[in-house]
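Colleague: One structure, as structure tokens, below. Some questions next.
The values are calculated or read from the model by the stated rules, or taken from the named source; none is laboratory data. The structure presented is a predicted model; accordingly, all values stated were derived computationally and were not measured. Virtual Cβ from ideal backbone geometry, glycine too; neighbours counted across all protein chains shown.
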Amino acid sequence: MIRIALPKGSLEEQTLQLFREADLEVKRSDRDYNPVIRDSRIEKVKILRPQEIPKYVEMGYFDMGISGLDWVKETGSRVREVARLNYSKTGEGTVKIVVAVHQDEDIGDVSNIRPKSRVTTEYPEITKEYFGRLGIPVQLFPSYGASEAKVPDLMDVVVDLTETGNTLRRNGLKIIGQIMESYTVIIANRDSFEDEAKRRAIEEITTLLLGVIDARRQVLLSMNVPESAVDAVIAALPALKKPTVSRLAGIEDYYSIQTVADKETVNTLIPNLKSAGAEDILEIPISKIIR
């Protein structure tokens with residue numbers, strides 16, 4: 001039985017949806033931070049700020065957690081990174097910790113930042129280490145939100161998390177450097193991961209979650225094909241491995257073909273398959289792909 005910490009806030013909706021699609025639905029009422037997942041492998045679930053989760057996992061309060069790589073690095077937590085979950089607060093993809101200044105500043109690169117500049121950030125440790133490597137002494141001011149609004153009136157530089165940079169640009173800022181790329185990660189307590197039973201539970205749950213993420217990009221295509229068109233249809237198919245081909249019962253010289261295809265290509269693939277001779281084409285959503 002393992003204890004899991006899940007993130008609240010910006011990662012909450014995507015994480016709860018992922019668990020639901022993996023048939024590990026998180027049952028809770030409004031503002032309930034002690035929900036339940038009805039699975040024999042899971043003893044306890046708690047929803048916490050992602051900033052807190054890495055340290056609590058390191059300390060052994062939880063065997064497994066989901067947070068951002070940025071908070072693992074910022075807190076210096078010694079945890080096992082089990083798997084990368086390719087989503088952020090708005091969907092698929094990664095985010096970046098960047099350095100930005102006001103658009104009117106005559107600064108095009110981080111190396112041109114003036115010594116003793118005032119830097120505001122929610123990542124003081126990452127920022128301190130970054131400017132230390134560059135040999136630029138700065139004044140650090142921890143931020144607790146709306147960091148971009150503090151430049152240039154209160155601060156000279158902001159180190160902030162962004163997906164597209166649009167919010168920074170809307171506030172009259174320009175990005176002049178990138179510190180790191182971040183993404184959502186599954187982390188585990190190191191001692192828990194050395195325990196055979198707990199490691200098996202962590203890995204099994206991770207497999208289910210990754211299976212959902214993989215399946216989101218794929219669909220199952222099923223079609224009937226006359227024998228004369230089988231070779232042409234198979235040639236048009238981008239198969240995950242190889243398509244499944246079986247003779248249709250009771251119908252002479254007809255076959256059923258099934259394969260997995262990338263979801264982003266299926267709208268052009270289906271007309272090509274029809275032109276090649278496929279009939280009765282079905283596009284079927286996939287819940288999980290377990291490799």
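Colleague: Out of (1) surrounded by fewer than 13 Cβ atoms within 10 Å (Cβ to Cβ); (2) touching a Pro at 6+ places or on another chain (Cβ under 9 Å); (3) of a type in the set (Phe, Trp, Tyr), what's the single condition that is false for PHE131?
Modeller: PHE131 satisfies every listed condition except (1).
Colleague: For segment 250-287, which positions are assigned to a helix (DSSP H, G or I) and either under 28 Å from LEU209 (Cβ atoms) or without any contact (Cβ under 8 Å) to a residue 40 or more places away in the chain (or both)?
Modeller: LYS263, GLU264, THR265, VAL266, ASN267, THR268, LEU269, PRO271, ASN272, LYS274, SER275 - these are the residues of segment 250-287 that are assigned to a helix (DSSP H, G or I) and either under 28 Å from LEU209 (Cβ atoms) or without any contact (Cβ under 8 Å) to a residue 40 or more places away in the chain (or both).
Residue by residue, here is whether (1) exposed (fewer than 13 other Cβ atoms within 10 Å of the Cβ); (2) within 26 Å of ARG20 (Cα to Cα); (3) of a type outside the set (S, T, N, Q) holds:
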| residue | (1), (2), (3) |
| --- | --- |
| LEU208 | no, yes, yes |
| VAL233 | no, no, yes |
| ILE251 | yes, no, yes |
| GLN258 | no, no, no |
| GLU264 | yes, yes, yes |
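Colleague: While we're here: For segment 130-149, does any single residue satisfy the condition of being in contact (Cβ under 8 Å) with a residue 24 or more places away in the chain, in a strand (DSSP E or B) and in contact with a helix residue (DSSP H, G or I) (Cβ under 8 Å, 6 or more places away or on another chain)?
Modeller: Scanning segment 130-149 turns up no residue that is in contact (Cβ under 8 Å) with a residue 24 or more places away in the chain, in a strand (DSSP E or B) and in contact with a helix residue (DSSP H, G or I) (Cβ under 8 Å, 6 or more places away or on another chain).
Colleague: Further, regarding this structure: If only one of ASP70, ASP39, ASP32 is under 18 Å from the mean Cα position of the chain (by Cα), among the acidic types (Asp, Glu) and not assigned by TED's automatic domain parsing to the domain that holds ASN166, which one is it?
Modeller: ASP70
Colleague: While we're on this one: Any idea which residue in segment 142-163 is farthest from the chain's Cα centre (by Cα), counting only those that are surrounded by fewer than 16 Cβ atoms within 10 Å (Cβ to Cβ) and closer than 24 Å to LEU69 by Cβ?
Modeller: The extreme case among them is PRO142.
Okay, residues lined up against (1) modelled with pLDDT under 90; (2) under 31 Å from the mean Cα position of the chain (by Cα); (3) within 30 Å of LEU6 (Cα to Cα):
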residue	(1), (2), (3)
ILE202	no, yes, yes
ILE205	no, yes, yes
LEU221	no, yes, no
PRO226	no, no, no
PRO243	no, yes, no
THR259	no, yes, no
THR268	no, yes, no
LEU273	no, no, no
GLU279	no, no, no
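Colleague: Separate question: Return the pair list, or none, for Cβ contacts closer than 9 Å from residues in segment 23-48 that are within 16 Å of GLU204 (Cβ to Cβ) to residues that are of a type in the set (Phe, Trp, Tyr), at least 6 apart or on different chains.
Modeller: ILE37/PHE19
Colleague: Further question on the same structure: Just to be sure, is LEU168 in a helix (DSSP H, G or I) and under 12 Å from VAL99 (Cβ atoms)?
Modeller: yes
Colleague: What about THR15, is it hydroxyl-bearing (Ser, Thr, Tyr), crowded, with 20+ Cβ neighbours inside 10 Å and within 23 Å of LEU210 (Cα to Cα)?
Modeller: Answer is yes for this residue.
Colleague: Considering only segment 212-223, I want to know if a residue exists there that is touching a helix residue (DSSP H, G or I) at 6+ places or on another chain (Cβ under 7 Å), basic (Lys, Arg) and not in a helix (DSSP H, G or I).
Modeller: There is at least one residue in segment 212-223 that is touching a helix residue (DSSP H, G or I) at 6+ places or on another chain (Cβ under 7 Å), basic (Lys, Arg) and not in a helix (DSSP H, G or I).
Table: residues versus (1) touching a residue at least 60 places away in the same chain (Cβ under 8 Å); (2) of a type in the set (Val, Ile, Thr).
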residue: ILE186; (1), (2): yes, yes
residue: ASN189; (1), (2): yes, no
residue: SER192; (1), (2): yes, no
residue: GLU196; (1), (2): no, no
residue: ARG200; (1), (2): no, no
residue: LEU210; (1), (2): yes, no
residue: SER228; (1), (2): no, no
residue: ALA236; (1), (2): no, no
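Colleague: Continuing with this model, one more query. With assigned to a helix (DSSP H, G or I) and under 21 Å from LEU18 (Cβ atoms) as the only criterion, which of ILE290, ILE202 stands out?
Modeller: Exactly one of ILE290, ILE202 is assigned to a helix (DSSP H, G or I) and under 21 Å from LEU18 (Cβ atoms), namely ILE202.
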